[in-house]
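The values are calculated or read from the model by the stated rules, or taken from the named source; none is laboratory data. Only a predicted model underlies this, so the values are computations on that prediction, with no experimental measurement involved. Using ideal geometry, Cβ is built from the backbone for each residue, glycine included, and neighbour counts are taken over all protein chains shown. Heavy atoms of the whole protein, side chains included, go into the accessibility calculation; ligands, DNA and RNA do not. Shrake-Rupley method; radii C 1.70, N 1.55, O 1.52, S 1.80 Å.
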Amino acid sequence: MSKKIYIFANESESSAYTEKQLRKKLDKSGYTIYSEYSDDVDLLVCIGGDGTFLEAMHRFNFPSMPIIGINTGHLGMFQEISPYMLDDFIFNYSQEKYALQKLSTVCMKVKTTDGRVHEHLGINEVLIKASATYSVHLNISIDGSFIERFSGDGVLIATPAGSTAYNYSLGGSVVDPRLEILQVTPISPMNTTAYRSFTSSILLPSDLSLQIMPDMYERKSTLRVVYDGFHVEYDDVEEIEVGFSDVSVNLMRFENYDFWRKVKSKFL
Ligand code: NAP
Ligand code: MN
(Lines give C-alpha, C1' and ligand atoms only; values in the text may rest on other atoms or scores of the structure.)
(Ligands and ions follow the chains in the order given, each with its own letter.)
Protein backbone atom coordinates (compact mmCIF):
# COMPACT_ATOMS: atom_id res chain seq x y z
CA MET A 1 0.00 0.00 0.00
CA SER A 2 1.34 3.41 -0.83
CA LYS A 3 2.44 5.59 2.06
CA LYS A 4 0.28 8.55 3.00
CA ILE A 5 1.99 11.88 3.45
CA TYR A 6 0.85 15.25 4.72
CA ILE A 7 2.77 18.44 3.98
CA PHE A 8 2.64 21.42 6.35
CA ALA A 9 4.34 24.60 5.12
CA ASN A 10 4.63 28.18 6.29
CA GLU A 11 3.60 31.14 4.17
CA SER A 12 6.98 32.04 2.67
CA GLU A 13 7.57 32.02 -1.05
CA SER A 14 10.44 29.56 -0.85
CA SER A 15 8.27 27.17 1.21
CA ALA A 16 5.48 27.34 -1.38
CA TYR A 17 8.00 26.65 -4.16
CA THR A 18 9.57 23.75 -2.22
CA GLU A 19 6.15 22.27 -1.49
CA LYS A 20 5.22 22.38 -5.16
CA GLN A 21 8.43 20.61 -6.16
CA LEU A 22 8.02 18.02 -3.44
CA ARG A 23 4.41 17.26 -4.40
CA LYS A 24 5.49 16.65 -8.00
CA LYS A 25 8.30 14.33 -6.97
CA LEU A 26 6.29 12.38 -4.38
CA ASP A 27 3.43 11.97 -6.81
CA LYS A 28 5.82 10.60 -9.44
CA SER A 29 7.19 8.12 -6.87
CA GLY A 30 3.68 6.83 -6.12
CA TYR A 31 3.02 8.37 -2.72
CA THR A 32 -0.43 9.54 -1.66
CA ILE A 33 -0.50 13.15 -0.51
CA TYR A 34 -3.34 14.04 1.85
CA SER A 35 -4.92 17.45 1.40
CA GLU A 36 -5.92 17.57 5.05
CA TYR A 37 -4.03 16.50 8.13
CA SER A 38 -5.01 13.17 9.66
CA ASP A 39 -3.44 11.20 12.52
CA ASP A 40 -3.12 8.16 10.26
CA VAL A 41 -0.62 9.64 7.79
CA ASP A 42 2.68 7.72 7.60
CA LEU A 43 4.83 10.81 7.33
CA LEU A 44 4.45 14.47 8.21
CA VAL A 45 6.58 16.92 6.23
CA CYS A 46 7.18 20.38 7.74
CA ILE A 47 8.52 23.03 5.38
CA GLY A 48 9.78 26.20 7.06
CA GLY A 49 11.96 27.00 10.04
CA ASP A 50 11.99 25.85 13.65
CA GLY A 51 8.99 28.06 14.36
CA THR A 52 7.01 26.26 11.65
CA PHE A 53 7.93 22.89 13.11
CA LEU A 54 6.85 24.01 16.60
CA GLU A 55 3.59 25.36 15.20
CA ALA A 56 2.86 22.04 13.48
CA MET A 57 3.58 20.07 16.65
CA HIS A 58 1.12 22.14 18.68
CA ARG A 59 -1.51 22.27 15.94
CA PHE A 60 -1.46 18.50 15.38
CA ASN A 61 -1.10 17.72 19.09
CA PHE A 62 2.38 16.11 19.10
CA PRO A 63 1.66 13.30 16.61
CA SER A 64 3.46 9.97 16.73
CA MET A 65 4.28 9.37 13.04
CA PRO A 66 7.79 10.17 11.69
CA ILE A 67 8.30 13.85 10.88
CA ILE A 68 10.76 15.34 8.42
CA GLY A 69 11.67 19.03 8.39
CA ILE A 70 12.75 20.85 5.24
CA ASN A 71 14.51 24.10 6.09
CA THR A 72 13.43 27.28 4.34
CA GLY A 73 13.72 29.30 7.57
CA HIS A 74 16.63 30.97 9.28
CA LEU A 75 18.11 28.53 11.71
CA GLY A 76 16.53 25.11 11.29
CA MET A 77 17.72 22.94 14.18
CA PHE A 78 14.76 20.61 13.78
CA GLN A 79 15.08 20.40 10.01
CA GLU A 80 17.00 17.54 8.48
CA ILE A 81 17.20 18.60 4.86
CA SER A 82 17.39 21.63 2.58
CA PRO A 83 15.15 22.20 -0.44
CA TYR A 84 17.86 21.00 -2.86
CA MET A 85 17.90 17.57 -1.21
CA LEU A 86 14.38 16.41 -2.14
CA ASP A 87 15.52 13.54 -4.39
CA ASP A 88 17.93 12.19 -1.77
CA PHE A 89 15.21 12.42 0.83
CA ILE A 90 12.68 10.47 -1.27
CA PHE A 91 15.32 7.85 -2.07
CA ASN A 92 16.33 7.40 1.58
CA TYR A 93 12.72 7.36 2.73
CA SER A 94 11.69 4.73 0.19
CA GLN A 95 14.70 2.59 1.16
CA GLU A 96 13.88 3.14 4.85
CA LYS A 97 17.39 4.47 5.35
CA TYR A 98 16.72 6.68 8.32
CA ALA A 99 16.72 6.77 12.10
CA LEU A 100 14.13 8.36 14.35
CA GLN A 101 15.26 10.87 16.92
CA LYS A 102 12.87 11.01 19.86
CA LEU A 103 12.14 14.47 21.18
CA SER A 104 10.68 14.49 24.67
CA THR A 105 8.42 17.26 25.83
CA VAL A 106 8.35 19.22 29.07
CA CYS A 107 4.96 19.45 30.75
CA MET A 108 3.65 22.30 32.84
CA LYS A 109 0.57 21.84 35.02
CA VAL A 110 -0.90 25.08 36.25
CA LYS A 111 -3.20 24.68 39.27
CA THR A 112 -5.48 27.63 39.74
CA THR A 113 -7.28 28.57 42.96
CA ASP A 114 -10.60 27.28 41.58
CA GLY A 115 -9.12 23.78 41.72
CA ARG A 116 -8.63 23.39 37.96
CA VAL A 117 -5.42 22.14 36.34
CA HIS A 118 -4.30 23.54 33.00
CA GLU A 119 -1.68 21.58 31.06
CA HIS A 120 0.80 22.96 28.55
CA LEU A 121 3.52 21.06 26.71
CA GLY A 122 6.73 22.38 25.22
CA ILE A 123 9.14 20.81 22.75
CA ASN A 124 11.67 23.58 23.42
CA GLU A 125 10.69 24.95 26.79
CA VAL A 126 8.09 26.28 29.16
CA LEU A 127 8.60 29.46 31.13
CA ILE A 128 6.93 31.57 33.76
CA LYS A 129 7.16 35.32 33.87
CA ALA A 130 5.12 38.33 34.91
CA SER A 131 2.49 39.53 32.47
CA ALA A 132 3.80 43.09 32.50
CA THR A 133 7.29 44.46 33.10
CA TYR A 134 7.23 43.65 36.84
CA SER A 135 9.48 41.03 38.33
CA VAL A 136 8.01 37.75 39.55
CA HIS A 137 8.45 36.30 43.01
CA LEU A 138 8.39 32.54 43.09
CA ASN A 139 9.07 29.87 45.68
CA ILE A 140 10.67 26.93 43.93
CA SER A 141 10.86 23.33 45.19
CA ILE A 142 12.52 20.31 43.66
CA ASP A 143 10.68 17.04 44.15
CA GLY A 144 8.67 18.57 46.99
CA SER A 145 11.50 20.14 48.98
CA PHE A 146 11.90 23.89 49.02
CA ILE A 147 15.02 25.11 47.25
CA GLU A 148 14.90 28.84 46.55
CA ARG A 149 13.00 32.13 46.61
CA PHE A 150 13.28 33.52 43.13
CA SER A 151 12.90 37.12 42.10
CA GLY A 152 13.56 38.37 38.60
CA ASP A 153 12.05 38.26 35.11
CA GLY A 154 11.13 34.59 35.24
CA VAL A 155 12.19 30.97 35.11
CA LEU A 156 12.63 28.86 31.99
CA ILE A 157 12.64 25.07 31.88
CA ALA A 158 14.18 23.70 28.69
CA THR A 159 14.27 20.24 27.12
CA PRO A 160 17.55 19.11 25.51
CA ALA A 161 16.06 20.08 22.12
CA GLY A 162 15.20 23.52 23.45
CA SER A 163 18.62 24.03 25.01
CA THR A 164 19.85 25.78 21.85
CA ALA A 165 16.86 28.15 21.71
CA TYR A 166 15.84 30.79 24.29
CA ASN A 167 17.75 28.84 26.96
CA TYR A 168 21.02 29.42 25.11
CA SER A 169 20.41 33.17 24.80
CA LEU A 170 19.98 33.29 28.58
CA GLY A 171 23.42 31.74 29.12
CA GLY A 172 22.12 28.19 29.51
CA SER A 173 24.09 25.17 28.29
CA VAL A 174 23.73 23.30 25.02
CA VAL A 175 22.62 19.76 25.88
CA ASP A 176 23.33 16.66 23.83
CA PRO A 177 19.88 15.24 22.92
CA ARG A 178 20.95 11.79 24.16
CA LEU A 179 20.71 13.14 27.72
CA GLU A 180 17.25 13.01 29.29
CA ILE A 181 17.44 16.10 31.47
CA LEU A 182 15.56 19.30 32.13
CA GLN A 183 17.47 22.53 32.42
CA VAL A 184 16.10 25.18 34.76
CA THR A 185 17.43 28.58 33.69
CA PRO A 186 16.78 31.83 35.53
CA ILE A 187 15.79 34.91 33.53
CA SER A 188 17.53 37.96 35.04
CA PRO A 189 17.54 36.78 38.65
CA MET A 190 17.85 39.46 41.33
CA ASN A 191 19.89 38.32 44.27
CA THR A 192 19.33 40.25 47.45
CA THR A 193 18.84 39.40 51.09
CA ALA A 194 15.11 39.19 50.39
CA TYR A 195 15.28 36.75 47.50
CA ARG A 196 18.07 34.39 46.67
CA SER A 197 18.27 31.89 43.85
CA PHE A 198 20.82 30.14 41.65
CA THR A 199 22.26 32.47 39.07
CA SER A 200 23.23 29.65 36.71
CA SER A 201 21.13 26.88 35.19
CA ILE A 202 20.49 23.74 37.18
CA LEU A 203 20.02 20.31 35.60
CA LEU A 204 17.43 17.80 36.72
CA PRO A 205 17.02 14.13 35.81
CA SER A 206 13.86 13.17 33.93
CA ASP A 207 12.11 11.61 36.93
CA LEU A 208 12.23 14.72 39.13
CA SER A 209 9.71 17.49 38.98
CA LEU A 210 9.75 21.11 39.98
CA GLN A 211 7.07 22.94 41.96
CA ILE A 212 6.72 26.66 41.54
CA MET A 213 4.46 28.65 43.87
CA PRO A 214 3.82 32.34 43.55
CA ASP A 215 5.04 34.16 46.65
CA MET A 216 2.27 35.63 48.87
CA TYR A 217 3.12 39.00 47.33
CA GLU A 218 2.55 37.52 43.86
CA ARG A 219 -0.86 35.98 44.57
CA LYS A 220 -2.70 39.06 43.39
CA SER A 221 -0.78 39.49 40.16
CA THR A 222 -1.03 37.89 36.76
CA LEU A 223 1.49 35.28 35.66
CA ARG A 224 2.26 34.58 32.05
CA VAL A 225 3.19 31.06 31.08
CA VAL A 226 4.89 30.55 27.75
CA TYR A 227 5.37 27.26 25.90
CA ASP A 228 7.36 27.20 22.64
CA GLY A 229 6.48 30.85 22.03
CA PHE A 230 2.72 30.49 22.68
CA HIS A 231 1.41 32.06 25.83
CA VAL A 232 -1.49 32.15 28.31
CA GLU A 233 -2.05 34.36 31.34
CA TYR A 234 -3.39 33.25 34.70
CA ASP A 235 -4.30 35.57 37.54
CA ASP A 236 -5.16 32.97 40.15
CA VAL A 237 -2.23 30.54 40.22
CA GLU A 238 -1.82 28.33 43.25
CA GLU A 239 1.02 26.10 42.08
CA ILE A 240 2.79 25.14 38.88
CA GLU A 241 4.35 21.73 38.48
CA VAL A 242 6.92 21.13 35.73
CA GLY A 243 8.40 17.82 34.66
CA PHE A 244 9.09 15.56 31.70
CA SER A 245 5.97 14.28 29.95
CA ASP A 246 5.37 10.91 28.26
CA VAL A 247 4.48 12.72 25.07
CA SER A 248 7.25 12.75 22.49
CA VAL A 249 7.63 13.18 18.75
CA ASN A 250 9.90 11.41 16.27
CA LEU A 251 12.13 13.33 13.94
CA MET A 252 13.56 11.63 10.90
CA ARG A 253 17.34 11.78 10.70
CA PHE A 254 19.54 10.45 7.90
CA GLU A 255 22.86 8.67 8.02
CA ASN A 256 25.08 11.74 8.24
CA TYR A 257 23.17 13.42 11.12
CA ASP A 258 25.45 14.46 13.94
CA PHE A 259 24.15 16.76 16.67
CA TRP A 260 27.43 18.48 17.47
CA ARG A 261 28.31 19.06 13.83
CA LYS A 262 24.88 20.61 13.38
CA VAL A 263 25.30 22.87 16.42
CA LYS A 264 28.72 23.96 15.18
CA SER A 265 27.39 24.78 11.73
CA LYS A 266 24.55 26.87 13.19
CA PHE A 267 26.27 28.64 16.07
CA LEU A 268 30.03 28.82 15.64
P1 NAP B 1 10.72 33.49 16.82
O2 NAP B 1 10.75 34.54 17.87
O3 NAP B 1 10.19 33.77 15.46
O4 NAP B 1 12.22 32.93 16.58
C5 NAP B 1 13.05 32.49 17.55
C6 NAP B 1 14.34 31.96 16.93
O7 NAP B 1 14.68 30.77 17.65
C8 NAP B 1 14.23 31.55 15.46
O9 NAP B 1 15.44 31.91 14.82
C10 NAP B 1 14.08 30.05 15.53
O11 NAP B 1 14.56 29.37 14.38
C12 NAP B 1 14.96 29.73 16.72
N13 NAP B 1 14.68 28.45 17.36
C14 NAP B 1 13.51 27.86 17.64
N15 NAP B 1 13.70 26.66 18.22
C16 NAP B 1 15.04 26.49 18.30
C17 NAP B 1 15.88 25.46 18.80
N18 NAP B 1 15.37 24.35 19.35
N19 NAP B 1 17.23 25.63 18.74
C20 NAP B 1 17.75 26.75 18.22
N21 NAP B 1 17.02 27.76 17.74
C22 NAP B 1 15.68 27.63 17.78
O23 NAP B 1 9.90 32.26 17.46
P24 NAP B 1 9.57 30.87 16.81
O25 NAP B 1 10.28 30.72 15.50
O26 NAP B 1 8.09 30.69 16.88
O27 NAP B 1 10.23 29.87 17.89
C28 NAP B 1 9.78 29.82 19.22
C29 NAP B 1 11.00 29.75 20.08
O30 NAP B 1 11.70 30.97 20.05
C31 NAP B 1 10.74 29.54 21.55
O32 NAP B 1 10.52 28.18 21.84
C33 NAP B 1 11.99 30.12 22.18
O34 NAP B 1 12.93 29.11 22.49
C35 NAP B 1 12.59 31.01 21.12
N36 NAP B 1 12.77 32.37 21.64
C37 NAP B 1 14.03 32.80 21.82
C38 NAP B 1 14.27 34.03 22.40
C39 NAP B 1 15.68 34.46 22.61
O40 NAP B 1 16.59 33.72 22.23
N41 NAP B 1 15.89 35.62 23.23
C42 NAP B 1 13.20 34.85 22.79
C43 NAP B 1 11.92 34.37 22.57
C44 NAP B 1 11.71 33.12 22.00
P45 NAP B 1 13.91 29.55 12.92
O46 NAP B 1 14.50 30.80 12.38
O47 NAP B 1 14.36 28.35 12.17
O48 NAP B 1 12.41 29.63 13.12
MN1 MN C 1 10.58 31.85 13.70
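General remarks:
- Förster radius 25 Å - calculated FRET efficiency between D236 and S141 (Cβ-Cβ, nearest 0.05): 0.80
- Of the trypsin sites (Lys or Arg not before Pro) in the stretch 208-253, the ones in a loop by DSSP (not H, G, I, E or B) with at most 11 other beta carbons within 10 Å are K220.
- Net lengthening on full extension, D39/E255 (0.36 nm per residue, minus Cα-Cα): 75.1 nm
- Separation of the stretch 217-268 from the stretch 1-73 is 22 Å, based on Cα centroids.
- Dipole moment magnitude, nearest 20 debye, the stretch 15-171 about Cα centre, only Lys, Arg, Asp, Glu C-beta charged: 160 debye
- Net charge of Cβ neighbours under 12 Å - reference P63; Lys, Arg +1; Asp, Glu -1: -2
- Per-residue SASA entry for M252, accessible area with 1.4 Å probe, Å² rounded to 10: 0 Å²
- A 1.4 Å probe over all protein chains sorts T192, T18 by accessible area into T192, T18, starting with the largest.
- The dipole here belongs to the chain: it is taken about the Cα centre, uses +1 on the Cβ of Lys and Arg and -1 on the Cβ of Asp and Glu, and is about 640 debye.
- Of the residues T159, S201, A132, the one whose Cα sits farthest towards the positive end of the charge dipole of the stretch 104-235 is A132 (charges of +1 on Lys and Arg Cβ, -1 on Asp and Glu Cβ, taken about the Cα centre).
- Within the chain, helix-based [θ] at 222 nm, where runs of 4 or more DSSP H residues each add -39,500 (n - 2.57), nearest 500: -5000 deg cm²/dmol
- Of the GluC sites (Glu not before Pro) found in the stretch 233-266, those that fall in a DSSP loop while having at most 12 other beta-carbon atoms within 10 Å are E255.
- The stretch 76-133: trypsin sites (Lys or Arg not before Pro) in DSSP coil with no more than 13 other Cβ atoms inside 10 Å: K97, R116
- In this structure, the pairs whose alpha-carbon distance is over 29 Å, taken from K24/K97; K109/K266; K20/K109; K20/K97, are K109/K266; K20/K109.
- Rounded if a/c under 1.5, otherwise prolate or oblate - the chain, Cα gyration tensor axes: prolate
- Think of the stretch 62-125 as a dipole: +1 on every Lys or Arg Cβ, -1 on every Asp or Glu Cβ, centred on the Cα centre; then among G73, P63, M85, P63 lies furthest on the positive end.
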